[in-house]
Amino acid sequence: MMSYRTLPGKMVPLIRATYQNKFFLWNMFGNIGPLVFALFAVPYIYGNASREYVGFLTITWAAIGYTGLFDFGLSRALLYFAAASKFNRQTDLEGAIRKSVLFAIGISIAINLLLYLFSERLSQSLAVRGDDQLAAMFIISATLPIYLVSNMIRSSLEGLEMFKEANIFKFAAYVSLFLCPAVLIAIEDRSLSHVCVAYGAVRLACCLYALAKLLPRLAERRAPAAERVSIPIGKILGFGGWATVSSTISPLMVYGDRFALAYFNGASAMAIYALLQEFIGKTILLSSSYITSIQPKLGYLAEPEAMDLYRREHKNVILFSVIIYAGCLLVSPIFVAFWLDVTIAEVAFLAAAMSIGFMFNSIAQAPLAYLLARGHPRRIAHAHVVEALLYFPLLIVAARQHGVVGAAIVGVLRQIFDYGILSWQARRQTA
């Protein structure tokens, strides 16, 4: 028993739990697998395409990555209700999915109508050049229903703890972002509109695969019509609306420092900062993969059991994060110094600051997942609004007067505050 009081001793149950957690391993496959593929595909794309092609392609990646903002948080809501349906089999999950899909299609039609009406102004603001880029933009918009519906189906799979199927979908969908342009370039096709058509076709195939896996599970869990408890669309939108507030504010806080630095100090000041942020920030996928694997269970267990599980896994995530970001602290300065041909001393402080900050961000995944699982997205939204109101004024002052060092310090303070306020909100729930 004494050995477990040392750090290596504490790692034994963590390693055992991680190895035995097949859901976590599937999440790693879905989240990390596409990035490994990108390490080989992206240099090929960059080396065999024009800057204009690559620039618009990165905008396309960002647009596809943030399509979730247009579903008003319904994907997160369906994950919650799918998990809850495991506890209460009378919950009409099938009806909730149907209502959400119809709402998403309606939103997509409205967005396409607005895009058509303001297409000229939008193309000017995005510096869209030529018919090919314009066609690509309209193809992404036209295929928006596919992206929204597929995200909802994937979230429903995750809520039902069908992580294998959800991550096969995720792996195929996200690998296609790099595979499609690489294959088209290899056959001398550099049309961006063709890339976007390929994206839509692959996502449709992935959506049909996920739907084929989901429908039998819904059928076997379907309660008699007289016993079904319908979930009103207002309740789904209520959950999703608060989740959308958080999912909109969070990326602004994560990337807001880059905009502030570029505005006050010039884009040249961001090279080391941005590369370190990307390198260290991507490791958040490890802790999020771990905590997401238990999020449905946190939702469908009774309150005492969920509280015990949360407290136990919270400790695991803390240990997990300390190990990961101690490694980042040691490795990231060497990596960035080699990549940008600068001295380690030039990047050491920023590497230390960001490693500490992202460590707290990683640990914060535990209370965040718990609050979502227990149906409290409003508390998360309130926390993030308070955080943003404090962060942005401090960021502007720090970036203006102290450059990258000031922005990094304020960023660390924000991430510590984020963990603190979310943990407090989770303790309110578990008290």
Report task. Sort out which residues of the stretch 292-304 are assigned to a helix (DSSP H, G or I) and either closer than 23 Å to Trp26 by Cβ or in the same structural domain as Leu78 (by TED's automatic domain parsing) (or both), and write them in order of number. Result -> Thr292, Gln295, Pro296, Lys297, Leu298, Gly299, Tyr300
**Report entry** Those residues of the stretch 292-346 which are under 26 Å from Leu275 (Cα atoms), touching a residue at least 40 places away in the same chain (Cβ under 8 Å) and among the β-branched types (Val, Ile, Thr), in sequence order
**Finding:** Val317, Ile318, Ile323, Ile324, Val336, Val342
Query raised in the report: Listed residues Leu422, Leu413, Leu389; which is among the hydrophobic types (A, V, I, L, M, F, W, C), touching a residue at least 40 places away in the same chain (Cβ under 8 Å), within 18 Å of Pro251 (Cα to Cα) and assigned to a helix (DSSP H, G or I)?
Result: Leu422
Query raised in the report: Filter the stretch 22-74 for residues that are among the aromatic types (Phe, Trp, Tyr) and outside any helix (DSSP H, G or I); which is nearest to Ser156 (Cα to Cα)?
Result: Phe72
Query raised in the report: Yes or no: Tyr300 over 26 Å from Gly256 (Cα atoms) and surrounded by 14 or more Cβ atoms within 10 Å (Cβ to Cβ)?
Result: yes
Query raised in the report: List pairs: first in the stretch 179-195 and closer than 11 Å to Tyr53 by Cα and modelled with pLDDT under 90, second surrounded by 14 or more Cβ atoms within 10 Å (Cβ to Cβ) and of a type in the set (Ser, Thr, Tyr), Cβ under 9 Å, 6+ apart or cross-chain?
Result: Arg190/Tyr53; Leu192/Tyr53; Leu192/Thr60
Query - Extreme residue, surrounded by the fewest Cβ atoms within 10 Å (Cβ to Cβ), among residues of the stretch 320-340 that are modelled with pLDDT of 90 or more and touching a helix residue (DSSP H, G or I) at 6+ places or on another chain (Cβ under 7 Å) - result: Val322
Query raised in the report: Is at least one residue of the stretch 60-81 outside the structural domain of Leu372 (by TED's automatic domain parsing) and touching a Pro at 6+ places or on another chain (Cβ under 6 Å)?
Result: no
Report task. Confirm whether Lys315 is part of a helix (DSSP H, G or I), surrounded by fewer than 20 Cβ atoms within 10 Å (Cβ to Cβ) and in contact with a Leu (Cβ under 8 Å, 6 or more places away or on another chain). Result -> no
Query raised in the report: Is at least one residue of the stretch 316-338 within 24 Å of Lys164 (Cβ to Cβ) and either out of contact with any Ser or Thr (no Cβ under 9 Å at 6 or more places or on another chain) or of a type in the set (Phe, Trp, Tyr) (or both)?
Result: yes
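The values are calculated or read from the model by the stated rules, or taken from the named source; none is laboratory data. The model shown is predicted, which means the values in this text are computed figures rather than measured ones. Glycine also receives a Cβ, built like all others from the backbone with ideal geometry; neighbour counts cover every protein chain displayed.
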